[in-house]
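Trainee: Starting off with a structure, shown below.
The values are calculated or read from the model by the stated rules, or taken from the named source; none is laboratory data. From a predicted model like this one, the values you see are computed outputs, not experimental measurements. Heads up, the Cβs are rebuilt from the backbone with ideal geometry, glycines too, and the neighbour counts pull from every protein chain shown.
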Amino acid sequence: MEAQRQLLIVEDDDAFARTLARSFERRDYEVLRATHLEDVQRVLQTHRPSYAVVDLKLAGGDSGLACVQHLHQHDPELVIVVLTGYASIATAVEAIKLGARHYLAKPANTDDIEAAFSRAEGDTDVELTERTTSIKTLEWERIHETLAETGFNISETARRLGMHRRTLARKLEKQRVK
């Protein structure tokens, strides 16, 4: 199979990763899978994918942002799309700074992801909203900014925000984008 159609999926949810992999295989991609940063490093020793889909929050405390950074450093031409159920402005900005081409909130389908692969330029016609930011949105953004700073360590994030760890965990579950 041509290297230009090789896709690395970095996702710790096995069922979701299998579904996504099957969908891309039907589109003639050779799909490689990893569940955390160490797996990514192992895959890159023997393969050179042209595309990557990276989940933002991985099991075992690994950050998708660290994976994005590693992938981009390994191959700056690699087209990386971050896919997350924990979308925030702070993590979107960091993902792009670290080398991601695009950032999508779950649920996103194969069409959305493939479209993101080909979008190299920004869109000046994107609709600007008149909506003001709510206190809940500001809180959500601050939580995710701190989560990114701590490498998604819940306990350290709670400490920095001055709240109990269980309170933070409840807030994250309540606001999760599905």
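Trainee: Return yes when A108 is of a type in the set (G, A, S), without any contact (Cβ under 8 Å) to a residue 60 or more places away in the chain and touching a helix residue (DSSP H, G or I) at 6+ places or on another chain (Cβ under 6 Å) and no when it is not.
Mentor: Answer is no for this residue.
Trainee: Right, something else. Against the definition (surrounded by fewer than 20 Cβ atoms within 10 Å (Cβ to Cβ) and not polar (S, T, N, Q)), how does G64 come out, yes or no?
Mentor: no
Trainee: Name every residue in the range 86-109 that is in a helix (DSSP H, G or I) and of a type in the set (G, A, S), in order of residue number.
Mentor: A90, A92, A95
Trainee: With the condition kept exactly as written, say whether any residue in the range 52-60 is crowded, with 19+ Cβ neighbours inside 10 Å, more than 15 Å from A148 (Cα to Cα), of a type in the set (V, I, T) and over 14 Å from the mean Cα position of the chain (by Cα).
Mentor: no
Trainee: Assess whether E141 counts as being surrounded by 11 or more Cβ atoms within 10 Å (Cβ to Cβ), modelled with pLDDT under 90, within 30 Å of Q45 (Cα to Cα) and among the acidic types (D, E).
Mentor: So E141 does not fit the description; no.
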